[in-house]
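The values are calculated or read from the model by the stated rules, or taken from the named source; none is laboratory data. Every value quoted in this text rests on a predicted model; they were computed, and no experiment measured them. We place every Cβ from the backbone using ideal geometry, glycine too, and count neighbours over all the protein chains shown.
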Amino acid sequence: MRKLWGGAFAEDSDGLVNRFGQSIHTDLNFWQEDLIGSVAHARMLGAKGIISAEESETLIRGLESIHEDGPESLPMDVEDIHTAIEVRLGEKVGEVAGKLHTARSRNDQVATDTRLYLHNQLIELFDLIKKLQALLLTLGDKHKADLMPGWTHQQRAQPITLGFHLMAHFWALQRHGWRAERLSELANYCPLGSAALAGTSFPIDREMTSHELGFNGPIPNALDATSDRSYILDALGLCANLMIDLSRISQELVLWSGREFGFVSLSDAVTTGSSIMPQKRNPDMAELIRGRSGRVIANWVTLATTMKALPLGYNRDTQDDKPPLFDSLTKVKDSIKLVHLMLESATWRLDRMRDSIRGDFSTATDLADFLASTGMPFRRAHEVVGQIVRGCDERKITLEALDKETLHAIAADVPETALSVLSPEGSVQRRESLGAPGPNAMEKQLSHAQWLHKCEGFPKIA
Ligand code: ARG
């Protein structure tokens, strides 16, 4: 295996040691970031006269030509991406390649690469979140008057609308957008030039490389710059948080697409069949998202465990910060795309949803609200309506089927006008408080969300 070190070693390392320590295969995820970081470093070395302008030019041209050749041209019999690129550069430009690593270490280099990589990944994530939000906005508007049950404790609670329910997921995504944006700000500081842990005696310009690479500024302490991995933990936390919400949407789709609910039919493009039961249409993608959220949560735990009590200064343990990061980001991006695809191609069984509310007593709160609005204390109204529900149960009738006589047989002092509040449609129509599913409140919510969605990034909700 080709190495960037070895002068002090009499013997070659064991084959297992090489294999155990190698990260080149996963490092390929950020081969471009490594090149870009090296170009900035080479330019700065030239500008500061640490190497000649000509040498700097040669290095930059060599690095650019590696970029043109693509990752396939890189040697794989090396420890990591930094070695691969330096070896390849040597093949291209000769001995001057050895000057690239002046005033730099792989420790500041890898930290710079990871921060650049995360920055680029977050831009992709912003876009995917925005696109899924756009779909939820369209569906939220389209189904703002389509009734469906609302649950608490997974028990029928109060009627809501499909549009209202879907919009709840819009706001969850808005929060993830904020988190991602804040993380992007927090992580956008440059370790390059910190060298191994303690800076360098060469007259480098860290402001220059930081600026060229698009960072807000250099990290002020070289030891901190090479030791910190908290931004990766934050990224893993963000991914875990996002996956948790995607798993909740997925679980709804699993439940709702089953025959017991029958609220939605997922398209052929996102479902799979059974090898034995010809009638099956399985929501595998939703199940996989639900299941893989476990792995994404575990990735955070993995790195948190690695970092706990790790002394400052580069430690090889942190080489393994990257596979969980790549894994979580890939899973979360794929899962957002799949949720998008499932929702976009779903057929909603609106009649099933509406009909399922009939007879489920979910307008009992409306009856209590009505009595309270006539001056009865709400606690008393709750009690009276409880008796009415029990009376209906005993008579095996639904709340909507109550007539004046039955009502008075159960609760003599409840006025018959109370019967006017028992329809699910009316129940939704009357709930106009801020954030409720009533038509005007929902219109306000939608325009608030539409306004935010048009803004660049993920601004504050108010
Ligand atoms: N592959 C290493 C990593 O990802 C690069 C840094 C190696 N530094 C060292 N001193 N061995 O952490």
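Key figures
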{"read-out": "Counted residues, the range 98-112 - those being near the ligand (Cβ under 7 Å from one of its atoms) and basic (Lys, Arg)", "value": "1"}
{"read-out": "Residues (under 22 Å from Leu197 (Cβ atoms) and small (Gly, Ala, Ser)) located in the range 293-329", "value": "Ala309, Gly313"}
{"read-out": "Residue in the range 113-123 that is in contact with a His (Cβ under 7 Å, 6 or more places away or on another chain) and either in contact (Cβ under 8 Å) with a residue 24 or more places away in the chain or part of a helix (DSSP H, G or I) (or both) present", "value": "no"}
{"read-out": "Of residues in the range 316-339 being acidic (Asp, Glu) and free of Cβ contacts under 8 Å to residues at least 12 places away in the same chain, the one farthest from the ligand (Cβ to nearest atom)", "value": "Asp334"}
{"read-out": "Residue within the range 307-315 that is more than 16 Å from the ligand (Cβ to nearest atom), more than 27 Å from the chain's Cα centre (by Cα) and modelled with pLDDT of 95 or more present", "value": "yes"}
{"read-out": "Filter pass, Ala198 being surrounded by fewer than 23 Cβ atoms within 10 Å (Cβ to Cβ) and of a type in the set (A, V, I, L, M)", "value": "yes"}
{"read-out": "First in the range 57-68 and touching a residue at least 12 places away in the same chain (Cβ under 8 Å), second anywhere and of a type outside the set (Gly, Ala, Ser) and outside any helix (DSSP H, G or I), Cβ under 8 Å, 6 or more apart", "value": "Leu59/Ile51; Leu59/Leu100; Ile66/Leu74"}
{"read-out": "Check on Leu147, away from the ligand (no atom under 16 Å from the Cβ) and buried (at least 16 other Cβ atoms within 10 Å of the Cβ)", "value": "yes"}
{"read-out": "Where a residue in the range 96-107 is assigned to a loop (DSSP other than H, G, I, E, B) and its partner, wherever it lies, is β-branched (Val, Ile, Thr), with Cβ under 7 Å and at least six apart", "value": "Thr102/Ile50; Thr102/Ile51; Ala103/Ile50; Ala103/Thr200; Ala103/Ile204"}
{"read-out": "Candidates Gly435, Gly375, Gly457, Gly391, filtered to the one that is of a type in the set (Gly, Ala, Ser) and under 20 Å from Asp146 (Cα atoms)", "value": "Gly435"}
{"read-out": "Residues of the range 185-195 classified as surrounded by 17 or more Cβ atoms within 10 Å (Cβ to Cβ), among the hydrophobic types (A, V, I, L, M, F, W, C) and away from the ligand (no atom under 15 Å from the Cβ), total", "value": "2"}
{"read-out": "Only listed residue being hydrophobic (A, V, I, L, M, F, W, C) and more than 24 Å from Ser267 (Cα to Cα), chosen from Leu341, Leu329", "value": "Leu329"}
{"read-out": "Looking only at the range 131-143, and only at residues there that are surrounded by fewer than 16 Cβ atoms within 10 Å (Cβ to Cβ) and touching a residue at least 40 places away in the same chain (Cβ under 8 Å), the one that is nearest to Gly177 (Cα to Cα)", "value": "Lys131"}
{"read-out": "Subset of the range 47-64 (residues that are surrounded by 14 or more Cβ atoms within 10 Å (Cβ to Cβ) and in contact with a Leu (Cβ under 9 Å, 6 or more places away or on another chain))", "value": "Ile51, Glu55, Ser56, Leu59, Gly62, Leu63"}
{"read-out": "Within the range 77-92, considering residues that are of a type in the set (Val, Ile, Thr), part of a helix (DSSP H, G or I) and more than 10 Å from the ligand (Cβ to nearest atom), the one farthest from Leu35 (Cα to Cα)", "value": "Val87"}
{"read-out": "Helices (runs of 4 or more DSSP H) enclosed by the range 149-227 - at least 3 residues per element that are touching a strand residue (DSSP E or B) at 6+ places or on another chain (Cβ under 9 Å)", "value": "162-187, 206-212"}
{"read-out": "Residue in the range 7-23 that is within 31 Å of the chain's Cα centre (by Cα), within 23 Å of Phe215 (Cα to Cα), modelled with pLDDT of 95 or more and not aromatic (Phe, Trp, Tyr) present", "value": "no"}
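Results for (1) within 23 Å of Ile160 (Cα to Cα); (2) surrounded by 13 or more Cβ atoms within 10 Å (Cβ to Cβ), shown as yes or no for each residue.
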site: Thr398; (1), (2): yes, yes
site: Ala401; (1), (2): yes, yes
site: Glu416; (1), (2): no, no
site: Ser420; (1), (2): yes, no
site: Arg431; (1), (2): yes, yes
site: Gln445; (1), (2): yes, yes
site: His448; (1), (2): yes, yes
site: Ala462; (1), (2): no, no
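Matching residues to (1) within 16 Å of the ligand (Cβ to nearest atom); (2) in a loop (DSSP other than H, G, I, E, B); (3) modelled with pLDDT of 95 or more:
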residue	(1), (2), (3)
His25	yes, no, yes
Leu28	yes, no, yes
Trp31	yes, no, yes
Met44	no, no, yes
Ile51	no, yes, yes
Arg61	no, no, yes
Pro75	yes, yes, yes
